Amino acid sequence: MAREGEGGGRGRDRDRDDRDNEFVDRLVHINRVAKVVKGGRRFGFAALVVVGDQKGRVGFGHGKAREVPEAIRKATESAKRALIRVPLREGRTLHHDVYGRHGAGRVILRSAPAGTGIIAGGPMRAIFETLGMHDVVAKSQGSSNPYNMIRATFDALTQEDSPRLVAARRNMKVSTLQARRQGGEADAAGDA
């Protein structure tokens, strides 16, 4: 007697396909490398891919192979295994400004009002689009190497905290924390 959901393993494949379809992937960079051997040069490819579900989860991966499609596939699999969750304010921007760095790459990510759009270049734009962020201002300083920029951006995103996490860490209510935030903004407006 076959149980429900058991169809020669097709149920598992369908679940995997559904999980794969929820992700959006962006190819950020392909690097061609050459190995010099006795008969000449042997070429290989390294791919850098960003994957996200456009609902607050994003990851990046790196894959190497002899052919470009295989390198992209490996990078995509690697990215799906290394997803992080980023808290977003109103599902569209960051809660606060953050700095990130990796090696010589430094990035500044700033929250932005609705309608600003994604103001970021190259690899950072791919991260924000796959993350599902709609309004952000980002600046890359230092290295323009896509690997360093992506790692610096992920360093910044891992430092992002939501009011719920901060309130839990301080043993406070979120409403109390939000009231303090509104009070601080009113004081700053009164000083100006």
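Below is a table of values for the structure above.
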read-out: Per-peptide average of other Cβ atoms within 10 Å, ordering 47-59, 150-162 highest first; value: 47-59, 150-162
read-out: Highest to lowest packing among 67-76, 117-126, 30-39, scored as the average C-beta count within 10 Å; value: 117-126, 67-76, 30-39
read-out: Cα centroid of the stretch 65-116 to Cα centroid of the stretch 146-161, whole Å; value: 6
read-out: Shape of the stretch 67-180, Cα gyration tensor, a/c cut at 1.5; value: prolate
read-out: Phi-based couplings in Hz for the stretch 79-86 (Karplus 6.51, -1.76, 1.60; Gly and Pro marked x); value: 5, 5, 7, 10, 7, 10, 9, 10
read-out: Three-way shape call for the stretch 59-116 based on the alpha-carbon gyration tensor, with the a/c threshold at 1.5; value: prolate
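Every number here is computed from the coordinates shown, using simple stated rules; none is lab data. The shown structure was predicted, so the numbers you read here are calculated from the model rather than taken from an experiment. All Cβ positions, glycine included, derive from the backbone under ideal geometry; neighbour counts span all protein chains shown.
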